[in-house]
1. Is segment 103-124 home to any residue that is in contact with a strand residue (DSSP E or B) (Cβ under 8 Å, 6 or more places away or on another chain) and over 30 Å from D159 (Cα atoms)?
2. What number of residues in segment 164-213 are crowded, with 20+ Cβ neighbours inside 10 Å and free of Cβ contacts under 8 Å to residues at least 24 places away in the same chain?
3. Name every residue in segment 151-209 that is at pLDDT 95 or above, basic (K, R) and within 22 Å of V103 (Cα to Cα), in order of residue number.
4. Scan segment 27-67 for residues that are surrounded by fewer than 24 Cβ atoms within 10 Å (Cβ to Cβ), within 25 Å of R100 (Cβ to Cβ) and of a type in the set (G, A, S) and jot them down.
5. Can you tell me which residue in segment 201-211 is nearest to A160 (Cα to Cα), limited to those that are in contact with a strand residue (DSSP E or B) (Cβ under 8 Å, 6 or more places away or on another chain) and not small (G, A, S)?
6. Which helices (runs of 4 or more DSSP H) sit wholly inside segment 1-118 and have at least 1 residues that are acidic (D, E) and at pLDDT 95 or above?
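The values are calculated or read from the model by the stated rules, or taken from the named source; none is laboratory data. Just so it is clear, the structure is predicted and the values come from calculations on it, not from any experiment. Because the Cβ atoms are built from the backbone with ideal geometry, glycine has one as well, and the counts that use them run over all protein chains shown.
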Amino acid sequence: MRGTLVRYGSHHAQVAEVWRPPGVVSDRPVVVLIHGGFWRQLSTKRLMHRMARAIAAHGWVAYNLEYRRVGRLGGGWPVTFDDVVDALDALAGVEGVDHRRIVTCGHSAGGHLALWAGASRSSGAASRVRPGAVCVHTAISLAGVVDLAAAARHRIGGDAVVDLMGGGPDEVPHRYALGSPAQLVPSGTRQLLLHGLDDTTVPPALSRDYVDLVRTRGGAARYVPLPGVAHMEMIDPGGAAFPEVLACLDAVAVG
C-alpha cells in the first residue's frame, strides 16, 4: 500500500499523499496527518508513513501532508501556516472522501499545526479565509507543541519556535495570537491531546496545561497522559498512543 500524490501548490514541498483503504470505493472519513520535526526542513512526511498505512488499514483515508519548513524551503511565518490551509482546501477536490468527517492529527510540531488547523486557520490575511473551505471535525495532538509562547520562553527545541515565528512572543505578539493554539481557545473543534509521560523532547505539561486552559474557557478538549511513553513512540502504530487514536476515530465515525 502506497500513497498517491496530490499537489496543492507549485513548490516541490507543497504535496500530500492520499492513502486509501484497500478495496473500498465509498466515501471514507479522512485523517490529515501532519509530521513533526520542530518545523525544520530536515524532517519530512516519511515520518508518518507507518501511521498512514495503519490508518488506511483501519478503513479511513489518510492524507499525509508535506509543507514548507524553516530553512532553505522558505517556511516559517506565515508560509508554513498557509501551506497547511492550502493543503486542507485541496481536500475538497479529492474524490472518495467524506468531507463531513475530517480529523487532523499531528505529532510534535505537527500537533501544533493540527490544533491550529482546527481553529481559526488564519495568518492574518483576509484572502486566507475562504467560503466553502473544508471543516475540521476533530483535532488530535500527539505530544504537540501546543503553546508557542511557553515553548519559546522555555526554549523547547532550542530556537525552533522563534525561527518559525520570526521572533519571540514579546517581539511579534500578533503572530503568536494568530498562530498559537493556546491563544485561540476555545476553538469550537473537539480536541484530543495525547502525551507520553517519558517525553524529554516536548514536556507533557504543555498538553496538560493547554487542556486545563480550554476547559476553563468552556471548550471541549481531553488530555490522555501515557505512562512510560517517549516522544517518538507516539507515532508508532504498535505503541500505546495508537489505540487511543483509533478509539477517537471510531467515535467520529459514528458521531
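1. Among the residues of segment 103-124, not one is in contact with a strand residue (DSSP E or B) (Cβ under 8 Å, 6 or more places away or on another chain) and over 30 Å from D159 (Cα atoms), which makes the answer no.
2. So the count comes out to 2.
3. Selection gives R208 alone.
4. A54, A56, A57, G59
5. Checking each candidate, the answer is V202.
6. Here the list reads 79-90.
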